[in-house]
Amino acid sequence: MPTVILMDVSLSMTRPVSLDGIEEFQRKNLAVHGLNMLFEHMASNYRLEFTALMAFSSLWELLVPFTRDYNALQEALSSLEDYDKTCVESALNGVNNLVQQEWGSACPCQLVLVTDGSLGIGKGSLRHSLQTLKHRGDDKKFPLPFPFPTKLFIMCVANAEELQMTDAMDNLEELLRLSGGDGQIFTMDGPLCMKSVQGMFGRLIDYAYSPFHAVLHCGNLSSDVQVFPRPEPVVMDEEVEPMPRTVSADLEIVGFIEIADISSPPVISRHLVLPIAPNKDVDEVGTGATDELEEEPSASQMAGKSPNFCVLLHGSLKVEGMVALVQLGPEWYGMLYSQADSKKKSNLMMSLFEPGPEPLPWLGKISYLGPISEAAENPYGEDDSKSPFPLQPQVKRSYAQNVTVWIKASGLQTDVQKILRNARKLPDKTQTFYKELNRLRKAALAFGFWELLKGVADLLERECTMLPDSAHPDAAFQLSHAAQQLKLASTGDSQYAAFDHNIVPMHTDFSS
Amino acid sequence: MKMFSVAHKTVFVVDHCPYMAESSRQQVECDVLTKSRAQGVIPLAPVSKSLWTCAVECSMEYCRILYDIYPKDKLVNYIVSDSEFHILNSWRREDQSTHELMSALAAVGPPNPREDPECCSILHGLVAAVESLCKITELQHERRTALMDTAERVANRGRIICLTNAKSDTHVRMLEDCIQETILDQNKLAAGSDRLMAIQQCELVLVHIYPQGEDTLVSDRPKKEISPLLTSEVHSVRAGRHLATKLNILVQQHFDLTSTTITNIPMKEEQHANTSANYDVELLHHRDAHLEFFKSGDLHMAGTSTRENGLKETVTLKWCTPRTNTIELYYCTGAYRISPTDVNSRPSSCLTNFLLNGRSVLLEQPRKSGSKVISHMLSSHGGEIFLHVLNSNRSTLEDPPSISEGCGGRVTDYRITDFGEFMRENRLTPVSESTHDPSGKLPAERAKAQLERHTRYWPMIISQTTIFNMQAVVPLANLIVKETLTEEDVLTCQKTVYNLVDMERKNDPLPISTVGSRGKGPKRDEQYRIMWNELETLVKTHAGATDRHQRVLDCIIACRSKPPEEEERKKRGRKREEREDRTEKNGNKETDDKSWQESERSVGLKGLLDKEDQESEVIKDSPDSPEPLNKKPRLTTEEVQPPERAKGPVSLLTMWTNRITAANSRKHQEFVGRASSVNNKFELYQHLKDENGMDVHENGKASR
């Protein structure tokens, strides 16, 4: 989930923070300190996250486009300049464009808005934006909610009391609500100082940027893994099941399926599954990073040399062209597979299916998938020539059965012509003739279209009179028999108009 | 869409009163004469559908699309109304198919024009519809049971689609009032019943049908709220084509559908088989398949066009001729069932048959910029066609570190092929719910249990295992993981063991890995010891399962015991080699597989102890009886030869070492032990023996 950092560089951010005795700080310095801490954390624990840095006042400027280069982000922070007033709305428009251009409108994004809670004055201020919300044309709509799923984190370099003295807090809460409600407003506890800003960003890190660790199990084989990006909780039906579902920290493989059988299933998200060394404690906050850096090369080299189940699994999945079905929680499943990024690099990936007992109709209920050893005979055949998948639905879809639709005149005409065409080729086409005739009869009865039955009976009688002399004598018998049967059906007489009744060919014997 | 939105239950109420037998006055020419036959033949008079026929076939089309796209849990209850109501099906899942409905409709037949119009009314049907909405569906029942104390979360909403010929706007209002009253009455009834649910929301869609060429007596009216429980809308439509279009629009609105037109489908001409023309086919599906489209606002610029009456929009996607069938796992963000708008037209059936035969088609989305992007895929799974949405945006997971750079990435001898075989054995297959014993474990749990059994002993790399590199062990290794063994299985396992004994007697080489050890690796008898230990480890993890498993273990333990002198000789060799092993290990700092080594060793040691127990109990009188625990000191000399006496030519290293040793020895006084050694061996700690009279049978290090 990419992150956009939206940094307030208005003049109010330069307000000094009164600290007794020591060196004087601006709020901006505190904000920069907090962001540096966030970037350091991400560089060591969340380094695959793409992050962009945008500064705004009445205008906005993209300082660093989406990158994983956290040094570049920190560098940009160190050279921030000060500008005029805060204008959140235009900056949000900027974020909207930036994200959609880069990731489209389906990719969920995190927006970290760093501000001091003084949200501008007059036109362009957040207060003004929110007040005029309902009086806008389609061309000047407020940018929230974004078209893409958003998590909005508002980092206020101010404490809650200060924000509540004005309407700033109310406006920020309204902003969060407008963005869809997913996210949080963070304020500083106690006096404004380096320590409290660290505390605030520490809470953000815990909330949104702590790596997701899990154990991947395959029977007794297992591996500690990091799942990136973090799987987000999912709400399937707010009414029936309002509690969000979360991915369990134990990922249990249920069994294996061929890629052809799982056949490009729809997934709600995709994640890298990265093996981690079991004994290496991952530093959550990033303190003491210097010690770790020195040790890291040898530690990671060691880890590289000890066998890891993920690597084995990945290799075999890749070679065999299979996926592993993995259980993520109660009635929630996903699949593990090898994903090649380019020709050289490939990775173990996990895709999450929609929660539920039967995410893929062609597999049926996952809990009813059992080991092949229990089947009477191998459902894949001795030479892997067949497969128990896909499951066939009990009822065929309309396009897979020969349905009759006469909404367009052409549909009706085609069906009548088909009968006449076969009628002219009797007795060779006796079977097809009656099949088509019965199909038309059934539909006409269901639709209460008795007039059509009479009409087709007339047509068949006419065909009978027009038979050439060379025609087989059976043709005339069959045509008049069919016509007579249709006429009887058109009376609605229950003996002849039963839906399940079929007109059978007249029994004739011309062989002797 | 919520699980229990109004779309969960739809009641069709179709008017079966005498006036519905009236002609729609839309005529269909069904006798199309070809030119060659036209002479002298009087064409058949065109037929025309009655209002009833129009209503029935359009409602069936609505149901066809609905069932194609929502085969489960979007339910239809079909009611016809004349002098009384006739309920043609129930909410039950097995009643939900167009075939069922058509059969029931055939039994009802067209309205009887001679029936007394005074006795007939649509009201009978509408009252029955409200009653029907109160009846609980299977899904509602299942969810209520599953939710237990939060059962009130299961809502009861529904929609009534009434196809009738109303007399006037006042008549319509009367119908609405009647429904409102019936809802209130029924809700009171439902409050006291288990099988009924009160209606929380009801949507009435009243479609007034009138013949072509007549003026309507009922005016259109958009949705309005009659009460908090009931909303109502009125559509006044001419029978025939217009009615069909209206119901097509309604089914899309009611079930969040949208339309996609696949363009540029190459299709062979019926008449000229060698030419092909391009066709378009329109499909309906859930609108989420174009979610991103709608959101990004790209829609009106490129892919869409407004058709016919300006009411319907369709997204255009272009057919991409499929490559030969490569199996690929696409990143697909959604898959939605489709239904062709014009199901039995030739282009539609050509497309659907192509897909049903197992081919997939990628679809291209024209974009504003003119660039082209593959955005969707049509594919069938088990006779159902799905429109897959493919991700066409930049991936946030691009350029990840390769798996070879991470943990375990530098290890090169993973048992990839063996694990592939393991995966094939642990493939899954659907188990029918009817054959499943409800008291037993679910099939997926049994699959996990099988994985557990199969992985009790499963070394991940080739150099960690001997037995899994041996063809001879395969029959036993395959059988021992089974939950239960047959007598025959036990026999096969025993045969495998005997076979191994035979190999050992013949001194056949073993595929012991030499990775990580210098030189040729361990000696042959040491190799067999390792192999037996490993086999025992494998079987031991399963021995507790059944008596037959235990018998396989017993067999191994019994067979691996050796005649005393052979055993003794081996032990000596082993001790030495073990030591070598250990020093090598330390030298290489190979701590990575230490855990395995340790577990292997401890099991091996335990195995030895067990074996000795076993032997003392079982094979006491056998000539193979075990050597005594107290072993004599071995000071025999034939075993180890000093390097200079080794057979064969002397290596440069040996010559050099000898020279240096000789040179060095001149520079210091020789150790007492070495000086007074017998055959280069000297017994250490001799005083200990004197002190407590114990045999000390170890004095190895002197040899090196």
_Filtered residue count, the stretch A:365-401, keeping only those that are of a type in the set (A, V, I, L, M), at the interface with chain B (Cβ under 7 Å from one of its Cβ atoms) and in a loop (DSSP other than H, G, I, E, B)_ = 3
_Near pairs, Cβ below 8 angstrom, 6+ apart or cross-chain, from the stretch A:97-126 (facing chain B (nearest Cβ under 10 Å) and closer than 19 Å to A:Y209 by Cβ) to any residue that is assigned to a strand (DSSP E or B) and at pLDDT 90 or above_ = A:W103/A:C109; A:P108/A:T150; A:P108/A:K151; A:C109/A:T3; A:C109/A:V4; A:C109/A:T150; A:C109/A:K151
*Output the residue which, of all residues in the stretch A:230-280 that are in a strand (DSSP E or B) and in contact with a Ser or Thr (Cβ under 6 Å, 6 or more places away or on another chain), is surrounded by the most Cβ atoms within 10 Å (Cβ to Cβ).*
A:P275
*Spans of strands (runs of 3 or more DSSP E) in the stretch B:1-92 with at least 3 residues modelled with pLDDT under 95 and either more than 9 Å from chain A (Cβ to nearest Cβ) or surrounded by fewer than 19 Cβ atoms within 10 Å (Cβ to Cβ) (or both)*: B:23-28
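Okay, residues lined up against (1) at the interface with another protein chain (Cβ under 9 Å from one of its Cβ atoms); (2) in a strand (DSSP E or B); (3) within 16 Å of B:V361 (Cα to Cα); (4) at pLDDT 80 or above:
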| site | (1), (2), (3), (4) |
| --- | --- |
| B:A289 | no, no, yes, yes |
| B:L299 | no, no, no, no |
| B:T306 | no, yes, no, no |
| B:V315 | no, yes, no, yes |
| B:P322 | no, no, yes, no |
| B:T326 | no, no, yes, no |
| B:Y336 | yes, yes, yes, yes |
*Among the residues of the stretch A:428-441, is any hydroxyl-bearing (S, T, Y), within 12 Å of chain B (Cβ to nearest Cβ), surrounded by 19 or more Cβ atoms within 10 Å (Cβ to Cβ) and touching a residue at least 24 places away in the same chain (Cβ under 8 Å)?*
no
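Return yes or no: is A:L216 under 25 Å from A:W332 (Cβ atoms) and touching a strand residue (DSSP E or B) at 6+ places or on another chain (Cβ under 9 Å)?
Yes, satisfied.
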*All but one of (1) touching a strand residue (DSSP E or B) at 6+ places or on another chain (Cβ under 9 Å); (2) in a helix (DSSP H, G or I); (3) closer than 18 Å to B:W532 by Cα hold for B:V501, so report the exception by its number.*
(1)
*asked:* Any residue at all in the stretch B:106-118 that's more than 14 Å from every other protein chain (Cβ to nearest Cβ) and modelled with pLDDT of 95 or more?
replied: no
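Each row is one residue, and each column tells you yes or no for (1) surrounded by 12 or more Cβ atoms within 10 Å (Cβ to Cβ); (2) touching a residue at least 60 places away in the same chain (Cβ under 8 Å); (3) more than 25 Å from B:A129 (Cα to Cα); (4) under 46 Å from the mean Cα position of the chain (by Cα).
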residue	(1), (2), (3), (4)
B:L175	yes, no, no, no
B:E181	yes, no, no, no
B:K188	no, no, no, yes
B:L229	yes, no, no, yes
B:E233	yes, no, no, yes
B:I249	yes, yes, no, yes
B:D256	yes, yes, no, yes
B:T263	yes, no, yes, yes
B:V281	yes, yes, yes, yes
*Would you check if there is a residue in the stretch B:336-351 being charged (D, E, K, R), within 22 Å of the chain's Cα centre (by Cα) and farther than 21 Å from A:P359 by Cα?*
no
*Got at least one residue in the stretch A:491-498 being buried (at least 19 other Cβ atoms within 10 Å of the Cβ), at the interface with chain B (Cβ under 10 Å from one of its Cβ atoms) and within 22 Å of B:M60 (Cβ to Cβ)?*
yes
*Number of the exception - B:S404 against (1) within 7 Å of chain A (Cβ to nearest Cβ); (2) of a type in the set (S, T, N, Q); (3) under 26 Å from A:M1 (Cα atoms)*: (1)
*Kindly provide the set of residues from the stretch B:117-138 that are in contact with a Lys or Arg (Cβ under 8 Å, 6 or more places away or on another chain) and either on the phi > 0 side of the Ramachandran plot or hydrophobic (A, V, I, L, M, F, W, C) (or both), ordered by number.*
B:L133, B:I136
*Would you say A:V416 is within 21 Å of B:S348 (Cα to Cα), within 7 Å of chain B (Cβ to nearest Cβ) and either part of a loop (DSSP other than H, G, I, E, B) or touching a residue at least 60 places away in the same chain (Cβ under 8 Å) (or both)?*
no
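The values are calculated or read from the model by the stated rules, or taken from the named source; none is laboratory data. This is a predicted model, so every value here is computed, not measured. For neighbour counting, all protein chains shown are included, and Cβ atoms are generated from backbone atoms with ideal geometry for every residue, glycine included.
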